[in-house]
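J.: Below is a structure I'd like to ask you about.
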Amino acid sequence: MESYGRLMEIAIERIAAGHGPPNDAIPVPEGEVIPHEPTNYRIPDNFPNPPPGSPLNGIQGARFVLVQCGMTNAQITSLMGNDIVCLEDLAEIKEDDIDEHLKILSRASQNRGGMVLGLGVVPKVKALVSLLHELTRSGDGILDAYKVSMPYLREWQKESKAVVIGDDKVDVTLPEKFDHKDWVSFKDGLENYFRQTKGTRKIPLFYVIRGETHPEGVLSFTEARMWNARHNGPEYDADNARVYQQLVQVFRNTDGWAYVASTTTQDGRQVWKRLCYHYDGPHAIEKRIAMARAEIKKTEYKNEASYPLERYVTKLTDCFRILEQNKAPMMERDKLVGQVKIEPDIIEEDIAFLRHDEPEFDRLLNNCSSVYSEKVLTQRLIASVKIASEYDTLPRAEERISEESIDAKMCAIGSGERHSRATPEEISKKFGCGLETARKTLKATTNFGVRTATGPLIRRYRTDIMQTTHRRIRATVFNDTMFSKTKSLRGNKCAEVFTDGKFVTVKPTPNKTGETVANALREFIQEVGIPQKIVVDDAKEKLGMNTKWMEHIRHYKMDWANSEPYSHWQNQAEGAIREVRRRWKLLQHRRMIPKRLWDYGLTHVAEVMSRTVRSGSDRTPYEIMTGETPDISEYIDFEFYDWVWYLNNPNDKESPPELGRWLGVSYRVGAAMCYFVLTQKGVVLSRSSVQPFNLQEQLSNEVRLRMEKFDTEINGRLDDKNYISNDITTGILYLEDDDPIVEGEEESPIREADDVWDINAYDQYINAEILLPVGDGRIAGTVIERKRDSDGKPIGVRHLMPMMDTRLYNVKLADGTIRELFANNIAECMFSEVDSEGRSYRLLKEISDHRKLDSAIDKEHGIYRYNNRDYHKMTTKGWLLLVEWMEGHADWVPLKDLKEAYPVQVAEYAKANGIDDEPAFAWWVKDVLRQRNSVIAKVKSRYWKTTHKFGIRIPKTVKEALQIDKETGTDY
């Protein structure tokens, strides 16, 4: 007869398996019983009979789990004391605290509550606390003591060490590119890969893509963690994004890419469910079965010379496997009868004969091919098994060094990290954009190739091979040529600019001949892709029927068009040239870059612009153009013209690193992470073993002397006096020229009779500047004229009430397009952005640059002393900030004005760009950042214009008033 303890254990096992508790109490057997040793659960003293149902928590749950550790009733009472009254209290204790508490109790005498614990009890109690932490994180928030069985606790005690200190090495590789014909094998391989790849909490990533149905039976420790992990929290979000990146890698440029690219967030679980829903659907299964049967039907073995038997059998085996995986197995007779071109009756006789004579069957198979030899097959199976040990890399006993023998002390801790981390602050500084744009850029790009190093440069960096392919781009690309008066270091005088309105790339050329512009187009196709249509100006070097440019157009089958003469707004490359010129001139002024490096600088500026999220989208222009998420690892470590160390000859181990300047990414030379480096001799090299300075090196006097010598020599070698062209063509805007001011043609004071009573003469809306909402931002526009019908009559009727006014106007937006708006819409836009006095305001988008003037106070004069204490001077003089407004414009705004309107944004920018220690910022930035939440609530986030009222520009001087009249054509 079973003992009482065994009957109670059986009842608890049923409850833990999901059954309800017994209705009646467990009877106590009488007479002789079978001795019982607990296997799954120990039964505490005075445990309720019948056992309570699941979940078991509270003080009974706490005592139950401690009994599973081997503790007695008295030991449990001493351990719990008055602090632990339920299972949840036990789950909140830290492992270090429980360890210290057990040590105190073991040292105390028994009359003071001390106790003597067994040798294995303490490790089990510590493992129990760790297990309760895991159950709290992975469960549904309700703890159940029945989940803590003795075998499970022992397995956790063993496996938790692997969780904490285990190796994340994956024994399997990610499957190759996806093939829809072999979906089942691909799915099994991918799931196997995720089962062996650990996530943030050392849980295999398979938990992200697991199904909804929980497997039955007893699960292993790892399986239980995978199936019990929750699908929420920051750890899950990180693992989900990692799964998404792996799916992108295997499905890109395959039939399944549409199901991956259709999601707007990095939701790997959602993408996987969508793929399974499609490829596990009935139509997909029928398609795979039909293709496998068609492959079987056309496969035929003739002889060993034309089609080896091994290849024939492998082909058939793959087809049969696909049929079996998709629940469409074929009978053995059907397999043979449709394939081997012999009479079916003969095949049936041979099959029956061979089934009765197995040795003869094996001999015939061996004669057909050695692949069917049992000996060869056994050797192949053994050779395919890989055996590894986690102790292979441990040192031998005689090589180990005891900790007591080491005589060392730590004096200081310092960081010598050379490479940058992918943080919004670093991206904002390197890319010259605001913090919000930097955050969006990080979300829309990858940085898997970021390097880490702390020591000096002594060996070459490892590189990976990157390949480019010709892809088809479903976009219209605009092209134009920009010119420079200065001959660059590479001998370039021009540059071809390609853009779709957002994406920009620059290809420097030595001149504007037919051969060079065609080479630039070919480079664009190789690096970016073949556009659906390309629009150029009417340059004869491009549009002639026999030019190289048109040969490429016809060869790559592109549509083309040219803009109308003197209509620059039809070619969006004009706007791209203006923006690239503006950014390069700001960068050149701030970094003091020699002019002869303009082609390297323009190329880098365009690449950064294309990899930075722009307004109106959360994806980068590069991804919108190509469909591929760009990796910005090559741009994170360096800013243009940064100081770097590089290895000129990595094979020479004794050669020290040399000093250089960083000039951008070298795509055409070397492999990944290869850069242009300017040497002290004025020569540009392509090197992948490049490293930025750390802070200690920048402060070193020896290095600073080398830097000064480098700059002196470079400025002499790159002197542009002898490289400025005197052959200047009138009408061309050169790179070095200032932005033009378009002046209207001077009109005669005598008007034509037809124009005296112009409908626009006294229209209050004409020339008004407004902001129109577009997406999540706004765009500036100017009312230019009334809209007329086909008869030339103005549309709509004026009304004293703006909301009843039906006049229709043409509004020219900042991007050059024309939009039609009714007068009531214009009035609504005007009054929504002004106060009661008509003063309009601007909404800040981000701060992208700064400038320090001579009037600014230096750091050495930024502190004054009063009553034996140092104080920061309260000053804002001499600082300008480049602000990008929501309507698309950018202005240099004094610090004194912007600080009052946007203190938090200015403080964050100063902190991110390392200027918060300047006197103009040091006295207030720390306080603002510490109290940013309350500051945001109090400050009105508006920067008021002082130049406009009700959307109309207000002159401050007579000269300015005359200039406004000249620009608007007003003479009244």
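J.: Want the number for Lys681 to Glu300: 0.36 nm per residue separation, take away the alpha-carbon distance, what's left?
T.: Roughly 130.3 nm would be gained on extension.
J.: At what distance in nm do the modelled label points of Glu708 and Thr265 sit from each other, each positioned 7 Å from its Cα along Cα→Cβ?
T.: 5.6 nm
J.: Rounded to the nearest 10 Å², what accessible area does Thr513 have for a 1.4 Å probe in the complete protein model?
T.: We get 60 Å² for Thr513.
J.: Assuming R0 = 25 Å, can you tell me the calculated FRET efficiency for the pair Asn40 and Asp96, based on Cβ-Cβ distance, to the nearest 0.05?
T.: Efficiency at R0 = 25 Å is approximately 0.25.
J.: Another question, if that's okay. What's the FRET efficiency of Leu543 with Ala290 using the Cβ-Cβ distance as r and R₀ = 56 Å, to the nearest 0.05?
T.: The pair Leu543/Ala290 has a calculated efficiency of 0.65.
J.: Please compute the modelled spin-label separation between Arg107 and Lys327, points set 7 Å along Cα→Cβ, answer in nm with one decimal.
T.: In this crude spin-label approximation the distance works out to 6.7 nm.
J.: What is the ratio of the Cα radius of gyration of segment 768-833 to 2.2 N^0.38 Å, where N is its residue count, to two decimals?
T.: The value comes to 1.12.
J.: Tyr279 accessible area, nearest 10 Å², 1.4 Å probe?
T.: Spelled out: Tyr279, probe radius 1.4 Å, area about 10 Å².
J.: Continuing with the same structure: Going through the cross-link list Lys287/Lys327; Lys440/Lys595; Lys177/Lys297; Lys812/Lys959; Lys859/Lys926, which pairs have a Cα-Cα distance over 23 Å in this structure?
T.: Listed pairs above 23 Å: Lys440/Lys595; Lys177/Lys297; Lys812/Lys959.
J.: While we're on this one: Please go through segment 187-255 and write out the trypsin sites (Lys or Arg not before Pro) that DSSP classes as loop and that have at most 13 other C-beta atoms within 10 Å.
T.: Those satisfying the criteria are Arg230.
J.: Efficiency by 1/(1 + (r/R0)^6): what FRET value for Thr957 and Leu699, r their Cβ-Cβ distance, R0 = 35 Å, to the nearest 0.05?
T.: Efficiency at R0 = 35 Å is approximately 0.10.
J.: Still on this structure: Once both labels are modelled 7 Å past Cα along the beta-carbon direction, what's the Ala814-Asn253 spacing in nm?
T.: Rounded to a tenth, the inter-label distance reads 3.8 nm.
J.: When the Debye formula is applied to the Cα atoms of segment 1-124, each taken as the same point scatterer, what base-10 log of I(q)/I(0) results at q = 0.10 Å⁻¹?
T.: Treating every Cα as an identical point scatterer, log10 I(q)/I(0) equals -0.38.
J.: If the chain between Asn192 and Met874 were fully stretched, how many nm would it gain, using 0.36 nm times the residue separation less the Cα-Cα distance?
T.: 239.2 nm
J.: Same structure again: Among the listed pairs Lys681/Lys721; Lys493/Lys533; Lys485/Lys709; Lys540/Lys721, which are separated by more than 21 Å between their Cα atoms?
T.: Long pairs (Cα-Cα over 21 Å): Lys493/Lys533; Lys485/Lys709; Lys540/Lys721.
J.: Would you be so kind as to identify which of Asn701, Val690, Leu718 lies farthest towards the positive end of the dipole of segment 633-722, taking Lys and Arg as +1 and Asp and Glu as -1 on Cβ and the Cα centre as origin?
T.: Leu718
J.: Over segment 470-630, what is the relative contact order in whole percent, taking alpha-carbon pairs under 8 Å and six or more residues apart?
T.: Normalised by residue count, the contact order of segment 470-630 is 27 percent.
The values are calculated or read from the model by the stated rules, or taken from the named source; none is laboratory data. Note that the structure is a prediction, hence the values are computed from the model and not measured. For neighbour counting, all protein chains shown are included, and Cβ atoms are generated from backbone atoms with ideal geometry for every residue, glycine included. All accessible areas refer to the heavy atoms of the entire protein, side chains included, with ligands and DNA or RNA removed. Shrake-Rupley method; radii C 1.70, N 1.55, O 1.52, S 1.80 Å.
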